[in-house]
Amino acid sequence: MVFVTMPDGSIKECQQKRIKEIILELGLNENAVLVAKGDELLTPDIYVANRDEIRIISVVSGG
Amino acid sequence: MKCRKCGERALISLRRHNAGFCKEHFNEFFVRQVEKAIKKYEMFDYSDKIMVCISGGKDSLVLWYLLHKMGFDTTGMYVNLGIGEYSEKSLEKVKAFSEKHGLKSIIVNLTQLGHPITLMEKRVKRTACAICGTTKRHYFNKVAHENNFDIVATGHNLDDEAARLLGNTMRWYPEYLGKMSPALSADSQIKKKVKPLIRLTELEVGAYAFMNGIYYIADECPKSVGATSMIYKNALNTLETEMPGTKHYFYSEFVKNVAHKFEREETEKKEMHICSICGIESFLEVCTFCKMLEKIK
Ligand code: SF4
Ligand SMILES: [Zn+2]
Ligand SMILES: [Zn+2]
């Protein structure tokens with residue numbers, strides 16, 4: 001399991017897989033979000049390990 | 001994925017450039033894009049006094065920080081809108097940010113001036129965003145004019161401008177399509193309005209903020225719910241995923257080859273007046289902002 005903190009603070013769980021696939025599974029667009037683990041960004045090709053905690057940062061602003 | 005320059009692990013993948021970068025080389029790429037925009041669109045040089053319009057969001061803070069770092073004479077201009085907690089938080093961010101990085105700032109506080117957006121919204125029959133837009137423009141123009149700034153810079157990025165272009169194209173607004181250039185010699189009271197982040201996407205600006213510890217206000221203004229710009233941004237991101245580079249192509253080719261067709265001839269331009277109340281340029285004898293304020297008194 002991978003734990004994903006969403007931009008609104010909620011936490012989702014998903015299977016281990018590549019960041020690219022996690023973004024798709026969450027219904028997000030790779031151009032609209034950054035994914036971080038701790039203080040490092042992860043590129044879409046990275047395979048996330050079991051029990052990893054990652055964070056989705058939305059970069060799209062509305063104003 | 002490895003950094004294109006040094007082979008270290010990449011922290012960001014830029015599909016439209018077919019490249020990945022580590023922090024050091026992403027920062028280098030980022031600065032180069034800003035330098036290119038400044039040069040290509042003849043935005044400004046080291047002798048200019050630049051006012052950067054600050055909202056507290058990532059784009060304006062990144063622009064302010066970077067132009068200062070690059071050695072330009074910059075001052076941040078922030079309008080505190082008086083929209084509840086959102087405005088309080090963004091004011092704190094802006095103050096902390098300018099202190100941390102030793103940046104010059106000018107702050108206009110609408111609550112202290114007696115007309116926060118929330119009050120204006122009750123008295124004026126327009127949407128909050130329309131009121132807010134007019135009000136911010138008024139103070140940006142006023143402060144720029146009174147303090148003799150040569151340049152007014154905003155943090156609009158490629159996504160903002162491509163989305164605006166798409167919106168204006170969908171509705172064929174010739175008036176607005178003629179004003180899509182990233183460097184506009186706007187009114188005579190302000191020499192030039194520029195968008196130095198125009199070659200960078202929202203994702204790239206967000207990544208730069210993240211990697212360089214620029215903590216911006218991630219909360220959206222509560223009034224932005226349902227903004228149509230989001231629909232256009234999402235549509236463009238869908239296209240960009242399938243065809244990397246689309247946003248840049250759509251916007252930059254428009255500016256290069258098409259925008260001039262929508263620009264008005266000098267003779268067609270509406271005559272400008274000086275508002276008889278505030279002294280700022282306007283198409284009207286009394287500007288829209290001053291007319292709104294009359295309703296508050
Ligand atoms: S969303 Fe509307 S009210 Fe809020 S800052 Fe933007 S223009 Fe102003
Ligand atoms: Zn590198
Ligand atoms: Zn006026």
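Coordinate-derived values only; no laboratory data. Note that the structure is a prediction, hence the values are computed from the model and not measured. Cβ: placed from backbone, ideal geometry, glycine included. Neighbour counts: every protein chain shown.
Chain B: longest stretch without exposed GluC sites (Glu not before Pro) (DSSP loop, at most 13 other Cβ within 10 Å), sites themselves excluded? It works out to B:43-264. For B:Lys100, the lysines whose Cα comes closer than 19 Å to its Cα, not counting residues fewer than 8 places off in the same chain, are B:Lys58, B:Lys69, B:Lys89. When only alpha carbons are used to place a centre, region B:112-187 and chain A end up 33 Å from one another.
Only DSSP H runs of four or more residues enter the estimate; each adds -39500 (n - 2.57), and after division by the residues of chain B the mean residue ellipticity at 222 nm equals -14000 deg cm²/dmol. Remark: for residue pairs A:Lys37/B:Lys2; B:Lys125/B:Lys291; B:Lys192/B:Lys261; B:Lys192/B:Lys291; B:Lys125/B:Lys193, the C-alpha separation exceeds 23 Å in B:Lys192/B:Lys291; B:Lys125/B:Lys193. Apply the Debye scattering formula to the protein assembly as shown, with a single equal point scatterer on each alpha-carbon and no solvent, then give log10 I(q)/I(0) at q = 0.11, 0.14 Å⁻¹. Rounded to two decimals, the profile gives -0.80, -1.29. Give the separation of the Cα centroids, region B:35-65 to region B:214-286, in Å. For region B:35-65 versus region B:214-286, the Cα centre distance is 16 Å. The relative contact order of region A:2-58 comes to 47 percent, based on Cα pairs under 8 Å that sit 6 or more residues apart. Shielding of peptide B:204-210 by partners, expressed as the average count of other chain Cβ atoms within 10 Å per residue Cβ, is 4. The charge dipole of the protein assembly as shown, taken about its Cα centre with unit charges on the Cβ of Lys, Arg, Asp and Glu (plus for the first two, minus for the last two), comes to roughly 220 debye. Residues whose amide H lies under 5 Å from that of B:Ile106, counting only those 5 or more places away or on a different chain, are B:Gly76, B:Met77, B:Tyr78; hydrogens are built 1.01 Å from N in the peptide plane. Here the extension length gained between B:Thr238 and B:Lys179 equals 18.7 nm, from 0.36 nm per residue of separation less the Cα-Cα distance. Annotation: average projected area of region B:41-296 is 14.1 square nanometres, based on the convex hull of Cα atoms across all directions.
Computed from phi, the 3J(HN,Hα) profile of region B:270-285 under the Karplus parametrisation 6.51, -1.76, 1.60 (θ = phi - 60°) reads 5, 6, 8, 10, 9, 4, 6, 9, 9, x, 9, 4, 7, 6, 10, 5 Hz, with x in place of Gly and Pro. Counting only DSSP beta bridges whose two residues both lie in chain B, roughly 30 percent are antiparallel.
Once the convex hull of all Cα atoms in region A:14-63 is built, its volume per residue stands at 77 Å³.
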